[in-house]
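Coordinate-derived values only; no laboratory data. Computed from a prediction, not measured in an experiment: that's the story for all the values here. We place every Cβ from the backbone using ideal geometry, glycine too, and count neighbours over all the protein chains shown.
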Amino acid sequence: MKNILLLIINFWRLGFPSFIWFKLMKKKGDDLKEDYFMNSTGGGYSYKNYMMLLLANKAYRSIFYERARHMSNVPFIWIRISKLFLGPLNTVEFVIDKSIGSGIKIAHNAVVVHADELGNNIVLGPFVVIGKDRSGRPHIGDNVVINSNATVFGNITLEDTIVGAGSVVNKSFSNAIIAGVPARIIKDREYFAN
């Protein structure tokens, strides 16, 4: 009897909110599906796999709630209620001013992102900080990988760029592999495409 009661409580606490989000995602969400496939470890697109990802990957939940905040058809109260049952990770902080693209992955649980915009296919390593200075917030374009302990700040643009671990980026780069303090171009990305 005790196990059945725990199962019912856990369904209402965890399963029901994730089921509602899954239905909303099916209606709205190509971006949400891209995030799902970027963060899942395998298996098809199903409610069971989605619920397991939402329950097990707190970093994904943080991306998920930031995306939900930008969706116009989701009531704000539903986001607040869901956060009570399925809380985001406290060590992942998102503040995106304009838009958030699809296919975002946080490789570890400690990330701070204060960006003007995030593009598609972004991978953020552990302890990455993307922040603003007096000139503004960074614009992170499509196909960007920012490796561990990197810091990106200022009114700059990164597109099609791989940022090396421990780098400090305060200039705009496009289509390059960069590293260092301050960051400089190590190789063009076309070099590795051939």
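A few points about this structure:
- Annotation for Ser172 and His108: the two label points, set 7 Å from Cα along the Cα-Cβ direction, are 3.1 nm apart.
- Spin-label pair Glu34/Asn49, simplified geometry with 7 Å Cα→Cβ offset, distance in nm: 1.9 nm
- At most 16 other Cβ within 10 Å, DSSP loop - trypsin sites (Lys or Arg not before Pro), region 105-194: Lys132, Arg134, Lys171
- Cα→Cβ-extended label distance, 7 Å offset, between Lys132 and Ser99, nm: 2.0 nm
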